[in-house]
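The values are calculated or read from the model by the stated rules, or taken from the named source; none is laboratory data. Values in this document were obtained by computation on a predicted structure and should not be read as measured data. Reconstructed Cβ throughout: ideal geometry from the backbone, glycine too, with neighbour counts over all protein chains shown.
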Amino acid sequence: MKKTKQEMEKHIEVFGEPNEEMLFDMAELFKVFADSTRIRILYAMFDSEMNVSQICDKVEMSISAVSHQLRLLKQAKLVRCRREGRKAYYMLADDHVKTIIGMAKEHIEED
């Protein structure tokens, strides 16, 4: 559905005109979402925090592969980590991660 010029102007008023740094940061964030492996890992953590072994079992990947992806997701501030002794537990950083994935899913399922 095409937006009218008035609707687009109102949208810019609400969200503000993005500057170059913001556009770059948004593009970097979408690059992180551009890998289906990372999306699978994020989905695995939708309902609870998990340690690396649990994530590996759920997504059927090696520890080194999952650890590498978790590092990228953590750098992008999409997951956070909590340490308990020698174990690290990973969880989604916040509900925005679920929202972004949910909106992407909704968008691709449109007719």
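In region 72-84, the residues that are closer than 16 Å to Asp25 by Cβ and in contact (Cβ under 8 Å) with a residue 12 or more places away in the chain reach residues that are assigned to a helix (DSSP H, G or I) and β-branched (Val, Ile, Thr) with C-beta atoms within less than 8 angstrom, at least six apart or across chains, in these pairs: Leu72/Val32; Leu73/Val32; Leu73/Ile41; Ala76/Val32; Leu78/Val32; Leu78/Val97. For region 92-107, filtering for residues that are of a type in the set (A, V, I, L, M, F, W, C), in a helix (DSSP H, G or I) and without any contact (Cβ under 8 Å) to a residue 24 or more places away in the chain leaves 1. Note on region 56-71: residues that are free of Cβ contacts under 8 Å to residues at least 12 places away in the same chain and either of a type outside the set (D, E, K, R) or assigned to a loop (DSSP other than H, G, I, E, B) (or both) amount to 6. Among all positions in region 29-38, there is no residue which is surrounded by 14 or more Cβ atoms within 10 Å (Cβ to Cβ), touching a strand residue (DSSP E or B) at 6+ places or on another chain (Cβ under 9 Å), in a helix (DSSP H, G or I) and modelled with pLDDT of 95 or more.
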